[in-house]
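Everything on this sheet refers to the single structure shown next.
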Amino acid sequence: MDRIPAEFVPALAAIVGADGLRHAPDLAGLDPGFHPRNLGASLAARPHSTAETAAVVALCRAYSVPVVPQGGRTGLAGGATAGPGDLILMTDRLDRIVEIDPVGMLAVVEAGVTLQALEEAAAARGLTAGIDLAARGSATIGGMIATNAGGMHAFRRGTMRRRLLGIEVVLADGSVLGELDRVPKCNEGYDLKQLFCGSEGTLGIITRAVIELAPADGPATTLLAACTGAAAALDIFRRLQRAPGVDLLAGEIMWRAYAQRVAEALGLSQVLAFADAPLYAIFEVAAPGAEAEPVELLMAVMGEPLGSGALIDAVVPGSGRERDRIWRIREDSFVIDRTLPHCLWYDVSVPLAGLDAYEARLRGTLFALDATLELHLFGHLGDGNLHITIGNGTELPSTVTKAVDKAVYEGLKASGGSISAEHGIGIQKRESLAAHAQPEKLRLMAAIKHVLDPQGIMNPGKIL
């Protein structure tokens, strides 16, 4: 179906109200987010409640209208793209924080609540959502569950799959699965909520969730380290994890090409001027129970790596402004796309022991393929999640694109890594998933999709 039936629209308005609809002219004035086709449909519904969401999905089923759920439109794999004949279901009015329970250390929230809103509400009770990412101001909890978002704290607090205690989902027939459990131990057969975590809206629409919170971190001290490679940075990471009185809050890595290009574009080259290094690492620590000052503890931990030459140099920012300048280089990664157009981007997980070997092999393969290609890497050191951008500023021919894909993904699954770390599959990685996943896995996924969505109306064309 390439257009929505005329009688569908008034029936939809009767559910969500005239103000709950957005037509093509309204959609044209909105920010599409990270994919230009996110607002490619001509109609969107904005339900106020789970009941309205269920009624909308039931109507879509009756008319065989595909429904594409959207949160903050911050996904990077095209999981929220829509086209003619689709109904976009926006969760922006499902934005209530139902409860913050400081005793149980949990939050009950609707799907459209942003991560930042949850974090602010939790912080007022001395708690944190336990997950963080650069798009915190627009990424919604429902979307983060649907993509199993990871972020910078995954190495110590897990991805959204780990934070999720309970879920409420509208299924493809308009019925509601309400599994809003509030306890971590709930062993009642199949853990159905985990089916929807990472499903990108292809099995149902998340409307509410119970999120496990964590105690808020204390004041943090940041360290920018210039290292000889990923192995050296990982050695420091482990030393900080083991150091008495130190809580390691974050560990991020940026290879030289990425750090220098972003810093130069942002006018922050001076931040890296303390040392020229193959790799820069950002560590953030708290020292809640330590007798010594955090900086003294950091310097004590850095002594041996510095003496061995694995650590070239390190600096501790002297102010909040200096700290923000360091983190801006790490978080403003889209500078690469703005300054080097037509790039290919990837989001992979590499076993930690193989980070340096993976980077060296990939760099060598790309240089042999086309010496003009630039390789920009950064990522989360604690879990091996690398974000990769490759290009030379021109649109690459399909033969080169396919060769780059092969170079990036080659050997990942065999080594225990992943072709998709935290951004999901969407439309951009469907072919890669089909090529690299076990046939048995694909068969089971297709079977689950057919059982839960026999008409194929839930975010069609994504993942499978």
What pairs can you find where one residue is in the stretch 219-232 and at positive phi, the other is surrounded by fewer than 23 Cβ atoms within 10 Å (Cβ to Cβ) and in a strand (DSSP E or B), and their Cβ atoms are less than 6 Å apart, with a gap of 6+ or different chains? none
Matching residues in the stretch 416-443 - criterion: being farther than 15 Å from GLY198 by Cα and assigned to a helix (DSSP H, G or I): GLU431, SER432, ALA434, ALA435, HIS436, PRO439, GLU440, ARG443
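Results for (1) open to solvent by 10 Å² or more (accessible area, probe 1.4 Å); (2) touching a residue at least 40 places away in the same chain (Cβ under 8 Å); (3) out of contact with any Phe, Trp or Tyr (no Cβ under 9 Å at 6 or more places or on another chain), shown as yes or no for each residue.
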{"residue": "ALA44", "(1), (2), (3)": "no, yes, yes"}
{"residue": "VAL65", "(1), (2), (3)": "no, yes, no"}
{"residue": "PRO69", "(1), (2), (3)": "yes, yes, yes"}
{"residue": "GLY79", "(1), (2), (3)": "yes, yes, yes"}
{"residue": "VAL98", "(1), (2), (3)": "yes, yes, yes"}
{"residue": "MET105", "(1), (2), (3)": "yes, yes, yes"}
Just checking, does the stretch 390-408 include any residue being assigned to a strand (DSSP E or B) and open to solvent by less than 50 Å² (accessible area, probe 1.4 Å)? yes
Here are the criteria: (1) open to solvent by 30 Å² or more (accessible area, probe 1.4 Å); (2) in contact (Cβ under 8 Å) with a residue 24 or more places away in the chain; (3) of a type outside the set (Asp, Glu). Tell me which single one ILE457 does not satisfy. (1)
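Give the number of residues within the stretch 169-191 that are part of a loop (DSSP other than H, G, I, E, B) and open to solvent by less than 70 Å² (accessible area, probe 1.4 Å). Show your work before the answer.
If we filter the stretch 169-191 for residues that are part of a loop (DSSP other than H, G, I, E, B), which is where we start, we get 172-175, 180-191.
Narrowing the set further to residues that are open to solvent by less than 70 Å² (accessible area, probe 1.4 Å) leaves 172, 174-175, 180-181, 186, 189.
Total meeting the criteria: 7.
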Filter the stretch 300-315 down to the residues that are open to solvent by less than 60 Å² (accessible area, probe 1.4 Å), aliphatic (A, V, I, L, M) and closer than 14 Å to ALA231 by Cα and list them by number. ALA310, LEU311
Inter-residue pairs, beta-carbon under 8 Å, first open to solvent by 70 Å² or more (accessible area, probe 1.4 Å) and in the stretch 361-376, second assigned to a loop (DSSP other than H, G, I, E, B), 6+ apart: PHE367/LEU373; THR372/ASN392
Could you check how many residues of the stretch 45-69 are part of a loop (DSSP other than H, G, I, E, B) and under 28 Å from the mean Cα position of the chain (by Cα)? 5
Tell me which of these ARG157 doesn't satisfy, since it passes every other one: (1) open to solvent by 50 Å² or more (accessible area, probe 1.4 Å); (2) in contact (Cβ under 8 Å) with a residue 40 or more places away in the chain; (3) charged (D, E, K, R); (4) touching a helix residue (DSSP H, G or I) at 6+ places or on another chain (Cβ under 8 Å). (1)
Condition set out of contact with any strand residue (DSSP E or B) (no Cβ under 8 Å at 6 or more places or on another chain) and touching a residue at least 12 places away in the same chain (Cβ under 8 Å), scope the stretch 263-299, selection most open to solvent (accessible area, probe 1.4 Å): answer is GLU291
When residues of the stretch 237-248 are limited to those that are modelled with pLDDT under 95 and open to solvent by less than 20 Å² (accessible area, probe 1.4 Å), the one nearest to the chain's Cα centre (by Cα): LEU248
Would you point out which residue out of GLU120, GLU179 is in contact with a Lys or Arg (Cβ under 9 Å, 6 or more places away or on another chain) and either among the charged types (D, E, K, R) or free of Cβ contacts under 8 Å to residues at least 12 places away in the same chain (or both)? GLU179
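The values are calculated or read from the model by the stated rules, or taken from the named source; none is laboratory data. As the structure is a prediction and not an experimental result, all values here were calculated from the model. Here the Cβ is made from the backbone with ideal geometry for all residues, glycine too, and neighbour counts use every protein chain on show. Heads up: the accessible areas ignore ligands, DNA and RNA and are worked out on the full protein's heavy atoms, side chains in. Shrake-Rupley method; radii C 1.70, N 1.55, O 1.52, S 1.80 Å.
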